[in-house]
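The values are calculated or read from the model by the stated rules, or taken from the named source; none is laboratory data. In this text the structure is predicted, and so the values were computed from the model without any measurement. As a convention, Cβ positions derive from the backbone with ideal geometry for all residues, glycine included, and neighbour counts pool all protein chains shown. Ligands, DNA and RNA are stripped out before the accessible areas are found, and what is left, the full protein with its side chains, is counted by its heavy atoms. Shrake-Rupley method; radii C 1.70, N 1.55, O 1.52, S 1.80 Å.
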Amino acid sequence: MDILQIEHLTKTYGTGDTAVRALDDVSFTVAAGEFVAIIGSSGSGKSTLLHLIGGVDRPTSGTVRLNGEDVFQRSDEQLAVFRRREVGLVYQFYNLVPVLDVVENMCLPVLMDGRAVNERRLTSMLHVLGLEGREHHLPNQLSGGQQQRVAIGRALMNAPAVVLADEPTGNLDSRNSAEIMSLLRTSNKELGQTLIVITHDEDIALTADRVIALEDGRIASDTRVR
Amino acid sequence: MAARHLRGSIGDRPLLTHADDGSKGVCPQLTRSVFVRYTLRSLAANRVRTAVTVVGIALATGLLAAVLVSVTSLRAALIAQACASGGIWQAGFTYEDDEKIGELRAATGEHLDRLALRRDLGAAALSAESAEDNGTYLGVLSLPEEQAGTARSAGDDQYAVIPDPTVAEGRLPERAGEIALPAYLQGAELTAGPSEIAGVEAGAVSDGTLELGSTIALALGQRHDGADPTHRWHSGASLMDGETLSDVGEPRAYTVVGFVETDYETGSAAFVSYDEPAATASGEVVGTAYFSTVGYESAGQIGAALTSAGVDSWSYNTTLLIYQGLDRGRAIIDSLAQIAAVLAVVIMVAAVSLISGAFTISISERTRQFGLLSSLGASRRQLRRTVLAEAAILGIVGIPLGLALGVGGAAVAFAVTADGWTAMLRETTSVSLVVAPVDLALAVGLSAVTLLASAFAPALHASRVSAVDAIRSSADIRPSRRLRRIFARRRTALDDLSADRRRPRGLAARLGGMPAFLARRTLAVSAGKQRVSVVALAVSVALLVTAGLVSDYLHSATGYIDTGTADLRVNLFAETDDDYLPTGDLVAQANVLVGRAEQISGVSAASVTSQGSVTLRLDAAGVDAGALETFMQESPYGAYYLDAAGYGSAHLVLLDDATWRALAESLGLSDDEKDPATLSCVVLNAANVSNSETYGTVRPFTGAAGTIELLADPESKASDQWLGPADDGTFGLVTTDDDTMETVVAVPADELGMTAVAQVPVAAYAEGLGDAAPFSSDDLGANAPNVIMPARAVAASGADETVRQGMSSSTVYATLAPGADDAETLDALEEALEGIEDYGSLGTYNLVELARQSRAMELTVNVFLYCFVAITLAISVANVFNTIASGLILRTREFAALQSAGMGRPGFRRMIVVECSDVAVKGLVGGVALATLINYALFQAMSASISTLVFEMPWGHVALAFAVVVAVLAASAGYALRRTHAMNLVEALRSDVM
Ligand SMILES: Nc1ncnc2c1ncn2[C@@H]1O[C@H](COP(=O)(O)OP(=O)(O)OP(=O)(O)O)[C@@H](O)[C@H]1O
Ligand SMILES: [Mg+2]
């Protein structure tokens, strides 16, 4: 069953002479529970694609369907709800709200939704993420790896159907990098969450089920690894 | 490691499941108010800016509250004073038929508040003999009696509808047959005999001198016009032309139980109780009704009700109506209201600028945070609410603080200035603080609106932040249109550099090197943020200029109080009526007065002036005809005593030697002119054209005439002719035209053959007499040229006789000896100066007391003025500091990056100076524009009451304001830089502010 259907997705930045076609007629589908790695040279449109899937930006044309439902048919308000409930996003940099502590950052999507935080889930998540004892630290009191783990915790807190990560290990050392990836992969395997990761790291890409390579905003190759 | 934990935990804990979280265990501290928490943290994270914003809100609220509370308190004091002295009646009318009262009740209905009636029982004529000291008539009025049964008669009765007369001795009459007489009759004896009215015998006769317990017999009749008996006069009114008394009843005896002060409203009247039976032959009594109303919005509506009640003439209690806001008062009051309105607008604009500046910065600082929140699923509404919540939190702290500040400040200000208000209100009542809930609500409401208006645009901005831009690591800066234009011009990679590839291109870089280039680039990139600073600066400059302007205007309004340099003053008037002091020598006469004054132990020095009038002529070129025209139109006196041809009549002031020398010294005259034996004069070149509505001064002389001629009056004039200006302003021998009742020239001045008795060189045309003269402006003529001369020179000249014939009074000015009591010394002085030959009545003035009062008034004005200036200054400082300091602190990371790239302190400083100067210049331009607008609005408000005001830009204030603002700017930038430098580089690079 395909959880994600992407059809003729195009995104153009700017107009006239300076127009940049960041994504050019991209179509593919992702099955539920699949782990997809997206690779490509810098500027090839990876982040743009992820933002569109995550409902952070709107495409110039084309559609994204999640569970058969067109994401961009939603109004801005509905799209906000979509972001906080249906997807979990992790970025390379600047993931956390600086004035909120670890717990608050992790619970942010739940709280914005006006729902109650499951305390047991939070406690075990903190444990799993190795953030025990750091609950009330502010982001600038954490290392880069710890910050990234908080961001992952936030993405998973809502148990979303799709987790999207844009170079989540981009500025981490190999040990931290491996930990983060195994966290993501475990949630993918154990819970059947769909995982889409952008990466420059070949090793990471090779652990995925499928690797999509982008070039100049088009899909250059789409390889099933296993 | 983490993965192991994860795997291990899945079996026994529902860790990563889709199961809904439900209500199982809620972090107690994590409630739904995550946005409120976020807001609070953000506020705490930038304590300085939060504090400055709260202070700004508090200052704005405080200033508004203080203005409102002060206005209400003053109004309440004025109303209380008016009610205490004149009663609460708003309109009154006379009636002969009691049914009129029923009609009034019907016409006013629910609006009628309180009603009091007074009965006019008639007047008794005094014998011609008694009338000499006590007036032709004695009117008899009843005491007013309040009527029950009006809509609100049970309401507030702190003040009478119309007050009873003030008792001087004894008591007021309580029953029929008792009477309280005007105080001037105490000790008098009213005799029988013919009265001053043809054919009427005296109807007021006492049994001996009038004291408490005496009996007085009164035969009361009605006063009316001789030709028209229906045209009646009020019994207490002064004698009218052609009036007579009729309907005189039988004499009745009354027992004198008291003596009362007379007042303007009732005139020379005695009072009996309200139920005293009528005593005229016909038994007719005229009633007067006084009433107050509620719910009418203007005096006109009260008048309309009266008209519909069939009343055709009535009078208003105008003073009270003006204070109650029911009557449009004089332009001066309108003008004050307009000034207050302009100030309120200025305060609001300043507050909006300050608060919205703080918000704009606070939001732009967090653009990325808002973007991140948005990408995590915060809806626009949530983001907007976050900003509004921030405003609400700041308001909840700032507004009550401001209320306390404003009300407390006003209370302190009124306490400090109690004396001044007492002096200004001319009553012993002082102004007490009235804190009306309406005012507080208004202040809170206006502040809340200001706050909302200030937060609205930033809130909208925050909700529109692009999530993608915020997430992209390069999204620190959104290129402005200006920057895009700069880039659009670039062709090659090295286009940005100069030809020698050593520095960036452009004028700024050529002049200031890399730092200046960076500054220009920053300004181009962050045009929006810079605009906030420019607006803050402009508003601050304008605000300070306004404070200066208000100060000028207020000082010009209080500047009229001028008591001269002397402590005590006694005026001695000529004994005979024909303006003539016949005593021989002017100098010897003055010496006598000085001698007498200086004998008194409390007097350390005395001087004498004599004043009168003299006819003069000067060259027509020396007269400003336009100024004379303005005078004729604006002043209440009609024509000035000088015409365009140069003929006129001067108010002449003769000075003793010492006074002349002091005046000559202060005006910088030559040694020769300072000599009191040299014939010369000082002409006061200022004429006050203030009237009941407007203030103003004109300058009647051009200064072109070097001498003035004193002229002897014509030998013969008819009894109905006099020297003066005709209605058209021409000076000559004038008379009243019997047909038109206008004053017209009978013989033109140049045909009168008046001979010149002296040619007097004009030593100076002075615009004011300064502090050297003992006399004050009210010793001078209001509608005639004022000419000041040394008495010694005049006495020795050919003009001696002419001048002496015109003299009408002398004035002795005394300076108090140290430690002497002013009131006692004035009594002694009065006694010493009594009974001098040729002088009649005396008038005494305690100038020390007047000066004390005027100082108290000045203090009052200054206290309020400086409060305004201080708060204005505080708002300006907060405004500039907020935008400049926050703007720089926001760039901590950028500065750190520059430093880590090797930029040194001096270069850094140069960069900041270039940026700040750019902001300062733009701020000045905007500030001047804004100040011009405000000045124009104030000018419009003021010119409603000052007719001769000229629109001028106060460049001095502008310069001062700009200097203050630049100083604050420099201090703010210095503070911000010290703070950014204090952070170590690593910390700064990691810092979360963009
Ligand atoms: N807001 C924007 N305005 C203009 N152009 C943009 C914008 N965002 C992205 N682009 C352009 O779109 C193209 C794709 O950008 P994108 O960020 O998706 O690349 P990427 O594959 O994620 O690169 P990297 O690996 O470096 O992160 C680039 O050429 C970029 O310059
Ligand atoms: Mg990218």
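Cβ-Cβ contacts under 7 Å between residues 6 or more apart (or on different chains), taken from a first residue in the stretch A:68-90 that is more than 24 Å from A:Gly153 (Cβ to Cβ) and more than 10 Å from chain B (Cβ to nearest Cβ) to a second residue that is hydrophobic (A, V, I, L, M, F, W, C) and open to solvent by less than 70 Å² (accessible area, probe 1.4 Å), are listed as A:Val71/A:Val64; A:Val71/A:Phe82; A:Phe72/A:Val64; A:Arg74/A:Phe82. When the test is whether a residue is part of a loop (DSSP other than H, G, I, E, B), within 16 Å of ligand 2 (Cβ to nearest atom) and at negative phi, A:Pro160 does not pass it.
Give the residue, chosen from B:Arg891, B:Arg804, that is open to solvent by 30 Å² or more (accessible area, probe 1.4 Å) and modelled with pLDDT of 75 or more.
Details: B:Arg891 fails: modelled with pLDDT of 75 or more.
Only one candidate passes the filter, namely B:Arg804.
Each residue in the stretch A:182-208 was checked for being touching a helix residue (DSSP H, G or I) at 6+ places or on another chain (Cβ under 8 Å) and farther than 13 Å from A:Val36 by Cα, and 6 pass. Go through (1) within 16 Å of ligand 1 (Cβ to nearest atom); (2) of a type in the set (S, T, N, Q); (3) crowded, with 22+ Cβ neighbours inside 10 Å one by one and return the number of the condition A:Asn105 breaks. Every condition holds for A:Asn105 apart from (1). Of A:Ile152, A:Ile198, all but one fail to be within 14 Å of chain B (Cβ to nearest Cβ) and either more than 13 Å from the chain's Cα centre (by Cα) or under 18 Å from A:Leu4 (Cα atoms) (or both); the exception is A:Ile198. Against the condition farther than 30 Å from B:Ala60 by Cα and either touching a residue at least 24 places away in the same chain (Cβ under 8 Å) or touching a Pro at 6+ places or on another chain (Cβ under 7 Å) (or both), how does B:Glu834 come out, does it pass? Judged against the criteria, B:Glu834 is not a match. What are the residues in the stretch A:91-102 that are more than 7 Å from every other protein chain (Cβ to nearest Cβ) and in contact with a Leu (Cβ under 9 Å, 6 or more places away or on another chain), if any? Passing the criteria: A:Asn95, A:Leu96, A:Asp101, A:Val102.
The lone criterion from (1) more than 9 Å from chain B (Cβ to nearest Cβ); (2) open to solvent by less than 50 Å² (accessible area, probe 1.4 Å); (3) near ligand 1 (Cβ under 10 Å from one of its atoms) left unmet by A:Ser47 is number (1).
B:Val412 meets each of the listed conditions (1) touching a residue at least 40 places away in the same chain (Cβ under 8 Å); (2) surrounded by fewer than 20 Cβ atoms within 10 Å (Cβ to Cβ); (3) not acidic (Asp, Glu) apart from (1). Condition (residue is more than 10 Å from every other protein chain (Cβ to nearest Cβ), open to solvent by 10 Å² or more (accessible area, probe 1.4 Å) and acidic (Asp, Glu)) applied to the stretch A:172-192: is it met by at least one residue? Yes - at least one qualifying residue is present in the stretch A:172-192.
Every condition in (1) outside the structural domain of B:Gly703 (by TED's automatic domain parsing); (2) free of Cβ contacts under 8 Å to residues at least 60 places away in the same chain holds for B:Gly626 except the one numbered (1).
Residues that are modelled with pLDDT of 85 or more and of a type in the set (Val, Ile, Thr) within the stretch B:358-400 comprise B:Ile393, B:Ile396, B:Val397, B:Ile399, listed in sequence order. Given the structure, is A:Arg120 at the interface with chain B (Cβ under 9 Å from one of its Cβ atoms), in a helix (DSSP H, G or I) and more than 20 Å from the chain's Cα centre (by Cα)? Here the answer is yes, as A:Arg120 does meet what is asked. For A:Thr29, the criteria (1) away from ligand 2 (no atom under 16 Å from the Cβ); (2) over 26 Å from A:Glu190 (Cα atoms); (3) among the hydroxyl-bearing types (Ser, Thr, Tyr) hold in every case but one, which is (2). Of all the listed residues (B:Val248, B:Val256), the sole one being buried (at least 20 other Cβ atoms within 10 Å of the Cβ), over 50 Å from the mean Cα position of the chain (by Cα) and at pLDDT 80 or above is B:Val248. Any residue at all in the stretch A:30-40 that's more than 12 Å from chain B (Cβ to nearest Cβ), near ligand 1 (Cβ under 10 Å from one of its atoms), open to solvent by less than 50 Å² (accessible area, probe 1.4 Å) and within 17 Å of the chain's Cα centre (by Cα)? Within the stretch A:30-40, one or more residues are more than 12 Å from chain B (Cβ to nearest Cβ), near ligand 1 (Cβ under 10 Å from one of its atoms), open to solvent by less than 50 Å² (accessible area, probe 1.4 Å) and within 17 Å of the chain's Cα centre (by Cα). Collect the residues in the stretch A:190-206 that are within 16 Å of ligand 1 (Cβ to nearest atom) and part of a loop (DSSP other than H, G, I, E, B), keeping them in residue-number order. Matches in the stretch A:190-206: A:Thr199, A:His200, A:Asp201.
Restrict the check to the stretch B:421-431 and report whether at least one residue is under 25 Å from B:Ala350 (Cβ atoms), touching a residue at least 12 places away in the same chain (Cβ under 8 Å) and out of contact with any helix residue (DSSP H, G or I) (no Cβ under 6 Å at 6 or more places or on another chain). Checked against the condition, which is being under 25 Å from B:Ala350 (Cβ atoms), touching a residue at least 12 places away in the same chain (Cβ under 8 Å) and out of contact with any helix residue (DSSP H, G or I) (no Cβ under 6 Å at 6 or more places or on another chain), the stretch B:421-431 yields no hits at all. Checked against the criterion of being more than 16 Å from ligand 2 (Cβ to nearest atom), touching a Lys or Arg at 6+ places or on another chain (Cβ under 8 Å), open to solvent by 20 Å² or more (accessible area, probe 1.4 Å) and on the phi < 0 side of the Ramachandran plot, the candidates A:Asp24, A:Asp2, A:Asp57 yield just one match: A:Asp24.
Of A:Val71, A:Val90, which residue is in contact with an Asp or Glu (Cβ under 9 Å, 6 or more places away or on another chain), away from ligand 1 (no atom under 16 Å from the Cβ) and either open to solvent by 30 Å² or more (accessible area, probe 1.4 Å) or at pLDDT 85 or above (or both)?
A:Val71
Only one entry of B:Ala58, B:Ala44, B:Ala65 meets the criterion of being open to solvent by 40 Å² or more (accessible area, probe 1.4 Å), at pLDDT 50 or above and in a helix (DSSP H, G or I), and that entry is B:Ala44.
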